[in-house]
Amino acid sequence: FGEVKKPGPYSMDRPITALEALTFGGGFNAGANREQVVVMRSHGGDGIEVIPFDASTPGPDGLLQIKPNDLVFVARSGVGVFSEGVAPYLQGLGYSISQVAALALA
């Protein structure tokens with residue numbers, strides 16, 4: 001979700017990488033910050049793990065395997081702080097304030 005052409009949930013019929021997940025979303029919008037892409041992975045009651053990678057120059061970090069329920073987020077270009085760019089999306093997805101706060105601390 002974020003600055004991709006077709007955001008939304010997608011079913012995986014095989015293991016995919018973070019870069020492949022971006023292609024499921026139809027690629028980047030014109031205002032996307034390709035250098036600030038993250039995978040958010042919930043660990044249940046233990047919080048959310050935020051795994052950043054740079055999709056502008058794909059390297060080994062983009063080969064991270066996506067797991068069920070992972071979220072791949074592409075920030076807008078020009079957003080100063082990651083939490084400013086991602087918080088509105090998380091609130092729209094129904095995340096609780098405590099999860100947003102945990103993400104902001106990550």
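Computed values, structure above
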| read-out | value |
| --- | --- |
| Residues of segment 1-19 classified as open to solvent by 60 Å² or more (accessible area, probe 1.4 Å) and under 16 Å from LYS67 (Cβ atoms), total | 7 |
| PHE24 vs. criteria open to solvent by 30 Å² or more (accessible area, probe 1.4 Å), under 14 Å from ARG76 (Cβ atoms) and within 14 Å of the chain's Cα centre (by Cα) | no |
| Failed item in (1) closer than 13 Å to VAL74 by Cα; (2) out of contact with any Pro (no Cβ under 7 Å at 6 or more places or on another chain); (3) not polar (S, T, N, Q), with GLY45 passing the rest | (1) |
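For every residue, the table says whether it meets (1) farther than 13 Å from GLU3 by Cβ; (2) touching a Phe, Trp or Tyr at 6+ places or on another chain (Cβ under 6 Å); (3) at pLDDT below 90; (4) assigned to a helix (DSSP H, G or I).
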residue	(1), (2), (3), (4)
THR23	yes, no, no, yes
VAL37	no, yes, no, no
GLY45	yes, no, yes, yes
THR57	yes, no, yes, no
PRO68	yes, no, yes, no
VAL72	no, no, no, no
GLU84	yes, no, yes, yes
ALA87	yes, no, yes, yes
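The values are calculated or read from the model by the stated rules, or taken from the named source; none is laboratory data. Every value quoted in this text rests on a predicted model; they were computed, and no experiment measured them. Every residue, glycine as well, gets a Cβ built from its backbone with ideal geometry; the counts of neighbours run over all protein chains shown. Protein only, heavy atoms only, side chains kept; ligands, DNA and RNA dropped before computing areas. Shrake-Rupley method; radii C 1.70, N 1.55, O 1.52, S 1.80 Å.
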